[in-house]
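Working notes, beginning with the structure itself.
Just so it is clear, none of the values below were taken in a lab; they were calculated from the coordinates. Owing to the predicted nature of the structure, the values given are computational and were not obtained by experimental measurement. A quick note on method: Cβ atoms are made from the backbone with ideal geometry, for glycine too, and the neighbour counts reach across all protein chains shown.
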Amino acid sequence: MSRSTMNFLRPLKNSRQIHSKISPSLASSSSSKNPIRIIKPILGSSIKRNLHTTTPRLHGEITRPEPGTGIKLTFKDSKGNEIKTIEGNEGDDLLSLAHEYDVDLEGACEGSVACSTCHVVIDPKHYDMLPEPDDEENDMLDLAFGLEDTSRLGCQVKLTKELDGLTATLPSATRNMYVDGAKARTH
Amino acid sequence: MLPRPARFRQLPSLLRPTSSLTKARITIISDVRQYSARTTLPRPLKIAIIGSGPSGFYTASRILNSIPSDSPNGQNVQVHMYERLPTPYGLVRYGVAPDHPEVKNCQHKFDELSSDPRFKFFGNVLISSQPSSSETISTPSSALSPYTYPHSVRISFDDILPYYSTLILTYGASLSNPLSSVPGSSSSPNPLNNVIPALGLVSWYNSHPAFSELPINLKGIEEVSIVGQGNVALDVARILLKPIDQLSKTDLSEEVLQILSESNVKRVKVIGRRGPGQISFTTKEFREMLSIPELEYKGIKNELMEEAKALIGNERMKKRLLGLMEKSIKNDSGKKLFELDFLKSPKAFLPSSENSSNVGEIEWNLNQLLSSPSSLSSPTPPNSQSSALPSGNSVMASPTGETLKYRADMIIESVGYRSEPLTGEQGGWKLPFDEKRGRVKNVNGRVVDEEGSVIPGIYAAGWAARGPVGVIASTMHDSYSLADSLMDDHYSSTSLGDSAGPLNTTPEDGIPEVIIKSQKNGGIVVDLSAWERIDQAERDRAKKMGKGKEREKFRKVEDMLAVLG
């Protein structure tokens, strides 16, 4: 007991809270630095099975539209604060746009609908304009943290003109893995 | 036992710093933070990470990205990652199914680390509590694999701890949960042939050097039973049932493809001790099973299905999954059968009448479902919809007393993994290990000693910390949370405390002496550039074969190291 010099009672927190409290340098760095930049060709792209209808493609191939001419889109953090409003072109997907504009959205499987790390919550008005998620996307949404009625995978939401003004909110990443982690057991 | 940490693990949301928990000195974090912000420079953050799977590289990546080189603390951060194999990526390379190349894309996150000079990789270095002078101590791997990593550079915790302010254990879960009470099982005193832990089979087909010599033979094997209903069970079922031409361009090695092509497997049953509502696999993996060509799937008996539906209530994932499991798939060619079976726990694996050293039958204890009365008081996630883990733990299997036998030419034990203890027999620092749960002793990722007190600066993440559950996304979240609390801890105190444990507030500079020494003595430490050469050699091998494969994995450490000359 004498060794408990640390406070281990606090639940784990998400980074934004922490950095803003630790030091200004950390706070600014965490959001300004692009945390994920995918520059390498997708490994195994030549052997991809065509399990889903959407073909995975390289992210980071976005061409930014001339300011004022593109489709407007706002990213918000899990508390509803605006991260940034950006402009994209028709056909761009939200994951690629997030990476192009340094928004902290993960894409572990790089848009191949094999993970749920690019999960975003779409505002209800624009959600209804989107084509229904397919089975494969729903399978991944089942595993997403903080699932909402208007949740989608960012890699599967492609911009169209009518989506101008769409808001994509990052889900709450705070989740204590240990609550339900105690599961390993034998038969 | 360990009442305190265990209870906290379950109920973290209820905890408050003011809890009556302790007479120990728990500092209120807000005070500490103000203190450090006002006064001294932060101490160096020099981290050793043990294990290079997803939890390791996501943790490293989170820390290095959160504290960029050009930020005030940036040049004061170093991350050294240790790995006992020459190859990084852990389960991404050796666990993720070969026909899921898109899941392996996450290893690009690891590759990004290579451009950061603050990051160093030490592959082919095996760490334990054992002193580096003893060479021949084996590492327990599995009853099936006597492999001892004979080519690795062996070092002890004591060799490296003075060089670091922080230690993170992310070495995963590399042992099988045993079914040792079941006669004939792989961990029983009298194991039968063709009874294989899923870990062994998966590692074998993924060319893990510790399992590449496993004597797998599918000739004459028609009926396979897989005990356990998680995603690993479905991975194995899929690899056994998929037509070989759908696997031939994956990174399965030629030896493995040869053995799979000789398979006579007709039927694979995936069996669980509870009902359809309590399976652990996820929808994507099940949907994939149903898309295997020429596969017949019988669906699930009505009464079982009705009971399952009643038990799961309104849970989104389970509802969708049950809907999928319900529909049978007829196939007149009837070449391959896939079945789910429920409410059975293995009682004994029985020898074949033709060859008494091979398995031939399983005897099952039949179960019924009971809702656990304790389920009402047991903690559930605040929002069960947000859980990446299938629920249903409150429903228990209870034996009815009846038994049943059926044929099984091969049995795969897929009942979960556990971590290896990295503790040796002799003196020196020992990593606290929870033998019962098979993981590093920790509370929310902070490693605790036998009394349950936090050891400053020592952390665990991923399966080594929380057990073998969850997809890569959950491991990523876990690693990010851990990295955040680690940075929080580090930058909110100026020292490791007066009882600093084995680490150093002012760590020694550079690479541990033992690494440099062992290299002088002929040991091979695989750094990132050496790994890149091995990686390239694997790609070149595949190219030479001209079969359209991306990679032909080396199945032996010797062959990997031979690339380096």
Multiplying the sequence separation of B:LEU324 and B:ASP449 by 0.36 nm and subtracting their Cα-Cα distance, what value in nm do you get?
40.4 nm
Whole-Å distance, taken between Cα centres, linking the stretch A:131-161 and the stretch B:519-536
42
Non-local residues with an amide H under 5 Å from the amide H of B:VAL395, with H modelled 1.01 Å from N and Pro and chain starts lacking one, are B:SER372
Just to verify a number: FRET efficiency for B:SER181 and B:LYS556, C-beta to C-beta distance, R0 = 51 Å, to 0.05?
0.90
Dipole check, the stretch B:221-263, charges on Cβ (K,R +1; D,E -1), about Cα centroid: among B:ILE239, B:ILE259, B:GLY228 the Cα furthest to the positive pole belongs to B:GLY228
Computed about the Cα centre, the charge dipole of the stretch B:238-312 from +1 Lys/Arg and -1 Asp/Glu charges at the Cβ has a magnitude in debye, to the nearest 20, of 380
Along the Cα→Cβ direction, 7 angstrom out, place labels at B:SER394 and A:ASP164. What is the inter-label distance in nm?
5.0
Label B:ASN190 and B:ILE244 with points 7 Å out from Cα along Cα→Cβ: what is the distance between them in nm?
3.6
Just to verify a number: FRET efficiency for B:ASN264 and B:GLU435, C-beta to C-beta distance, R0 = 41 Å, to 0.05?
0.50
Once both label points are put 7 Å beyond Cα along the C-beta direction, the A:SER78-B:SER291 separation in nm becomes 3.1
I'd like the FRET efficiency for A:THR85 and B:SER333, computed as 1/(1 + (r/R0)^6) with the beta carbon distance as r and R0 of 60 Å, rounded to 0.05.
0.60
Sort B:ARG287, B:ARG43, B:ARG84 so the one with the fewest other Cβ atoms within 10 Å of its own Cβ comes first.
B:ARG287, B:ARG43, B:ARG84
Of the residues B:PRO502, B:MET487, B:PRO468, the Cα lying farthest along the dipole of the stretch B:467-565 towards its positive end, which is defined by charges on the beta carbon of Lys, Arg, Asp and Glu, belongs to B:PRO468
Quick one: Karplus J couplings for the stretch B:166-181, per residue in order, coefficients 6.51, -1.76, 1.60, θ = phi - 60°, nearest Hz, x for Gly and Pro?
8, 10, 10, 8, 9, 8, x, 10, 10, 10, 8, 5, x, 10, 5, 7
Amide H of B:ILE49 versus every other amide H placed in the peptide plane: which residues, excluding those fewer than 5 positions away on the same chain, fall under 5 Å?
B:HIS80, B:MET81, B:TYR82, B:ILE168
Length gained when the stretch B:ASN302-B:LYS405 is fully extended (0.36 nm per residue, less Cα-Cα span):
34.8 nm
Largest-first principal axis extents, alpha carbons of the stretch A:71-169, Å:
29, 25, 23
Assign unit charges at the C-beta atoms only (+1 for Lys and Arg, -1 for Asp and Glu), then state the dipole size of the stretch A:71-169 relative to its Cα centre in Debye, rounded to the nearest 20.
420
For the stretch B:270-277, Karplus-derived ³J(HN,Hα) couplings (6.51, -1.76, 1.60; θ = phi - 60°; whole Hz; x for glycine and proline) come out as 10, 10, x, 7, 10, x, x, x
